[in-house]
Amino acid sequence: MTQNTNTQLPTSKNERVEEVFELFIKHMKEFFDEAKLNHEEYTNFVDWADRLGKSGELPLYADVFLETHVLQAMYTELPGTQPSLLGPYYVDESPYVEADEEGIIDLPKRENEPGDVLYFSGTVKNVDGEVLANADVDYWQNDNSAKYSNFDSDAPDFNLRGRFKTDENGKFTVKTIQAVPYAIPDQGPTGEFLGYMDQHPMRPAHLHIMFKAPGHETLITQVFFEGDEWMETDVAEGVRDELITTLEEKDGYKEASLDFVLRKDQ
Ligand code: MBD
Ligand code: FE
């Protein structure tokens, strides 16, 4: 989410805003009607939404309950890898990491970073099957205690985050630790809402990846692991079948991979 820091009012007419707002009101009217919303319920909602905003959880709430629907409407019918949620824990400007002599990208981690070592690799192509060498990859994930650096973790900023490039074959391999299922914060207004819905706060373990290549649409997606107990009931509904990979047990580490297909710019 970007913050609007423009305080110069008044703004000029924006036809897209007008068009979208008219549709919003039209559908809200239908929604009030169908839900038979009474005035007290409306007032309760405004109060809750006010607390949501003040708690700083609005991006969390929106990304958990709304973002998936924006993506599904836009992409389900198109070729190329399905996008998934950006989520509230992306940060710009994570450090660039160079591959070592063996082509391994060792993600920033603490000394003795807890968790199972994971080598995750991917190949990046486009919808015409062309390999995308030197594509930008921006990667982030949670740690073994399910925390995201720069947000809810004590780890140094940018722990388990990094930017890097695909090699000449469109391939990359990161050395990281296995991500674990994530409980979204459930003590604030978002948790209050989960309680009303009798919904658990869990997301299956996932890796976040953003790909950028000239002439191609940016792909923001996630990777999930077969067998995760939260796969079918992800609170944020971010799972797509083609984003599920299999963890392979090796001697002292785990391995997984997935191929990614970018759409060309329109
Ligand atoms: C996450 O880790 C996440 O990826 C999303 C989409 C929402 C909440 C927490
Ligand atoms: Fe996440």
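The values are calculated or read from the model by the stated rules, or taken from the named source; none is laboratory data. Keep in mind that what you see is a predicted model, and the values were worked out from it rather than measured. Please note: Cβ atoms are built from the backbone with ideal geometry, for glycine as well, and neighbour counts cover all protein chains shown. Just the protein is used for accessible areas: all its heavy atoms, side chains included, with ligands, DNA and RNA removed. Shrake-Rupley method; radii C 1.70, N 1.55, O 1.52, S 1.80 Å.
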For this session: Check V70 against each of (1) β-branched (V, I, T); (2) closer than 14 Å to T221 by Cα; (3) open to solvent by less than 80 Å² (accessible area, probe 1.4 Å) and name the one condition it does not meet.
Result: (3)
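So how many residues does the range 140-166 have that are among the hydroxyl-bearing types (S, T, Y), within 13 Å of ligand 1 (Cβ to nearest atom) and touching a strand residue (DSSP E or B) at 6+ places or on another chain (Cβ under 8 Å)?
First, the residues of the range 140-166 that are among the hydroxyl-bearing types (S, T, Y): 145, 148-149, 153, 166.
So of that shortlist, the ones also within 13 Å of ligand 1 (Cβ to nearest atom) come out as 148-149, 153.
Next cut, touching a strand residue (DSSP E or B) at 6+ places or on another chain (Cβ under 8 Å) only: 148-149.
Looking only at that region, the number is 2.
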For this session: Among the numbered conditions (1) open to solvent by less than 20 Å² (accessible area, probe 1.4 Å); (2) within 14 Å of ligand 2 (Cβ to nearest atom), tell me where Y90 comes up short.
Result: (1)
For this session: Among the helices (runs of 4 or more DSSP H) lying completely within the range 22-100, list those that include at least 1 residues that are within 13 Å of ligand 1 (Cβ to nearest atom).
Result: 58-65, 67-75
For this session: Evaluate the following for D186: is it more than 22 Å from F225 (Cβ to Cβ) and at pLDDT below 95?
Result: yes
Exercise. If you scan the range 200-241, which residues turn out to be more than 13 Å from ligand 2 (Cβ to nearest atom), touching a Lys or Arg at 6+ places or on another chain (Cβ under 7 Å) and either open to solvent by less than 20 Å² (accessible area, probe 1.4 Å) or part of a strand (DSSP E or B) (or both)?
Worked result: H216
Exercise. What are the residues in the range 93-121 that are polar (S, T, N, Q) and under 18 Å from F260 (Cβ atoms), if any?
Worked result: S121
For this session: Please state which one of F32, F65 is open to solvent by less than 90 Å² (accessible area, probe 1.4 Å), farther than 28 Å from Y119 by Cα and over 29 Å from the mean Cα position of the chain (by Cα).
Result: F32
